[in-house]
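Notes for the one structure printed next.
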Amino acid sequence: MNTEHWTKAELRARLLAWYDANARALPWRVGPAERARGVRPDPYRVWLSEVMLQQTTVAVVRRYFARFTELWPRVEDLAAASEAQVMAEWAGLGYYARARNLHACARIVAEAGGRFPSTREGLEKLPGIGPYTAAAIAAIAHDAPEAVVDGNVERVMARLHAVEEPLPKAKPRLAAHAAALVSPHRPGDFAQAMMDLGATVCTPRAPACGRCPLAFACAARASGLARELPRRAAKTPKPRRRGIAYVARRAGDGAWLLERRPPRGLLGGTLGWPVSEWTEGDAPAPAPPLAAEWSDAGARVRHTFTHFHLELEVFVTLAAPGVEPRRGSFVPAEAFRAEALPSLMRKVHAVAREHPAIAAVS
DNA sequence: GAAACGTGGCA
DNA sequence: TTGCCAAGTTT
């Protein structure tokens with residue numbers, strides 16, 4: 001039973017008209033005017049932006065997208081890079097499995113002639129491409145009539161239909177609502193319109209219903225629930241862990257002792273300072289990567305991951321020129337870039353570099 | 001289905 | 001300062 005006094009076609013038309021006038025200009029996007037003239041976006045750029053945008057804000061992605069496309073304009077260029085290069089450029093973006101999968105995916109696509117699959121099913125087989133990203137690439141790059149359901153769309157659907165069931169249980173229902181709305185004529189623009197609406201109007205905390213092209217049809221708006229939806233299951237509190245980071249420089253040439261982390265798990269595959277285990281109750285056991293006189297740098301590094309808080313003590317030492325580290329390897333001062341480290345490790349560096357034991361080394 | 005997996009901005 | 005949240009995927 002449909003008691004609404006509006007049709008889906010009307011809703012689609014309102015949303016697309018709003019998009020035509022309000023689409024955000026994004027470096028990876030072909031805007032509605034150009035799209036109407038037949039211009040298609042480059043699937044490589046759509047894929048790259050979509051992977052970067054997974055759980056990540058547009059403002060941050062802009063910088064990384066510019067750098068990646070400058071270094072690697074085509075998928076073959078990215079495929080030809082080393083994984084270490086890709087990890088270094090991804091440093092700071094987070095969720096590093098994305099970078100490993102990105103590189104693996106680039107090699108598969110390059111090997112297959114440099115063409116991305118054009119269907120959702122084909123795309124979803126590639127590493128790092130799940131249901132959302134596959135649908136997004138198919139819709140945006142190929143105008144396939146796929147429902148593109150991300151956090152924005154879930155929020156818009158929850159409000160439009162006043163779905164009070166909390167996430168994540170409500171996901172299938174919200175996806176069904178979204179699927180029922182997909183535009184058969186402009187699927188790519190429709191997908192991007194829905195996401196732009198969620199990002200700029202139907203925002204999480206303070207929805208601007210006064211500017212919303214769908215307000216006329218919004219059930220949450222009608223019942224004053226817009227700000228409350230979507231509801232979410234209660235989150236479990238984050239435990240607090242402690243650890244020790246070790247920053248060693250070599251006397252003479254000023255090389256830094258760094259270690260490549262294991263390929264899977266937290267910060268997997270990234271470059272960083274040798275660290276102790278991170279413990280919840282007891283103090284972490286010391287685990288210096290080389291035998292030396294270590295000094296406490298004083299300031300602690302605090303960092304919050306998705307599922308725990310971390311507080312790191314920072315120890316520094318000036319190592320003798322001939323010393324052999326137990327773990328990691330020395331990186332020449334000229335080759336060292338703090339920007340190639342994940343954020344946690346950048347914070348450790350910022351603390352360590354102030355310590356007189358290593359600050360003056362050149 | 002639940003848990004792991006980063007980071008920065010904002011209230 | 002602390003908690004919430006942002007264009008999800010993998011195991």
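Filtering the stretch A:47-77 to residues that are more than 16 Å from A:Asn101 (Cβ to Cβ), surrounded by fewer than 21 Cβ atoms within 10 Å (Cβ to Cβ) and either near DNA strand B (Cβ under 9 Å from one of its atoms) or of a type in the set (Val, Ile, Thr) (or both) leaves A:Thr57, A:Val58, A:Ala59, A:Val60, A:Thr69. Here is the figure for the stretch A:58-104: residues that are within 15 Å of DNA strand C (Cβ to nearest atom), among the small types (Gly, Ala, Ser) and under 12 Å from the mean Cα position of the chain (by Cα) total 5.
Just to check your reading of the model, which residue among A:Arg14, A:Arg45, A:Arg37 is assigned by TED's automatic domain parsing to the domain that holds A:Pro117 and in contact (Cβ under 8 Å) with a residue 40 or more places away in the chain? Only one candidate passes the filter, namely A:Arg14. With respect to the conditions (1) closer than 26 Å to A:Asp42 by Cα; (2) in contact (Cβ under 8 Å) with a residue 40 or more places away in the chain, A:Glu164 lacks only one, and its number is (1).
Looking at A:Leu48, A:Leu78, which one is in a helix (DSSP H, G or I), under 27 Å from A:Leu341 (Cα atoms) and in contact with a His (Cβ under 8 Å, 6 or more places away or on another chain)?
A:Leu78
If the condition is being in a helix (DSSP H, G or I) and of a type in the set (A, V, I, L, M, F, W, C), then the stretch A:51-75 contributes A:Val51, A:Met52, A:Val58, A:Ala59, A:Val60, A:Val61, A:Phe65, A:Ala66, A:Phe68, A:Leu71, A:Val75. Considering A:Ala291, A:Ala299, the condition of being among the hydrophobic types (A, V, I, L, M, F, W, C) and either over 31 Å from the mean Cα position of the chain (by Cα) or at pLDDT 95 or above (or both) is satisfied by A:Ala291 alone. Of note, A:Ala215 satisfies the criterion of being away from DNA strand B (no atom under 16 Å from the Cβ), in the same structural domain as A:Ala17 (by TED's automatic domain parsing) and not hydroxyl-bearing (Ser, Thr, Tyr).
Here is a yes/no grid of residues against (1) in a helix (DSSP H, G or I); (2) in contact (Cβ under 8 Å) with a residue 24 or more places away in the chain; (3) surrounded by fewer than 19 Cβ atoms within 10 Å (Cβ to Cβ):
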position	(1), (2), (3)
A:Ala138	yes, no, no
A:Val149	no, yes, no
A:Arg159	yes, yes, no
A:Ala191	yes, yes, no
A:Pro213	no, yes, no
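Scanning the stretch A:193-211 for residues that are in contact (Cβ under 8 Å) with a residue 12 or more places away in the chain, surrounded by fewer than 18 Cβ atoms within 10 Å (Cβ to Cβ), more than 23 Å from the chain's Cα centre (by Cα) and in a loop (DSSP other than H, G, I, E, B) returns a single hit, A:Ala206.
For the condition within 18 Å of A:Asp253 (Cβ to Cβ), in contact with a helix residue (DSSP H, G or I) (Cβ under 9 Å, 6 or more places away or on another chain) and either outside any loop (DSSP other than H, G, I, E, B) or of a type in the set (D, E, K, R) (or both), A:Leu318 qualifies. Among residues of the stretch A:267-307 being part of a strand (DSSP E or B) and of a type in the set (A, V, I, L, M), the one that is nearest to DNA strand C (Cβ to nearest atom) is A:Val301. You will find that of A:Glu34, A:Glu10, the residue that is loosely packed, with under 13 Cβ neighbours inside 10 Å and of a type in the set (Asp, Glu) is A:Glu34 and no other. Residues that are away from DNA strand B (no atom under 11 Å from the Cβ) and either modelled with pLDDT under 95 or not in a helix (DSSP H, G or I) (or both) are absent from the stretch A:83-106 altogether.
Taking the stated definitions as given, is A:Leu257 buried (at least 19 other Cβ atoms within 10 Å of the Cβ) and either of a type in the set (Phe, Trp, Tyr) or within 20 Å of A:Trp90 (Cβ to Cβ) (or both)?
Considered against the rule, which asks whether it is buried (at least 19 other Cβ atoms within 10 Å of the Cβ) and either of a type in the set (Phe, Trp, Tyr) or within 20 Å of A:Trp90 (Cβ to Cβ) (or both), A:Leu257 comes out as no.
So is A:Ser343 within 21 Å of A:Glu89 (Cβ to Cβ), within 16 Å of DNA strand C (Cβ to nearest atom) and either under 21 Å from the mean Cα position of the chain (by Cα) or outside the structural domain of A:Gly92 (by TED's automatic domain parsing) (or both) or not? It is true that A:Ser343 is within 21 Å of A:Glu89 (Cβ to Cβ), within 16 Å of DNA strand C (Cβ to nearest atom) and either under 21 Å from the mean Cα position of the chain (by Cα) or outside the structural domain of A:Gly92 (by TED's automatic domain parsing) (or both).
The values are calculated or read from the model by the stated rules, or taken from the named source; none is laboratory data. Everything quoted here is computed from the prediction, not taken from an experiment. FYI the Cβ positions are ideal-geometry reconstructions off the backbone, even for glycines, and counts take in every protein chain you see.
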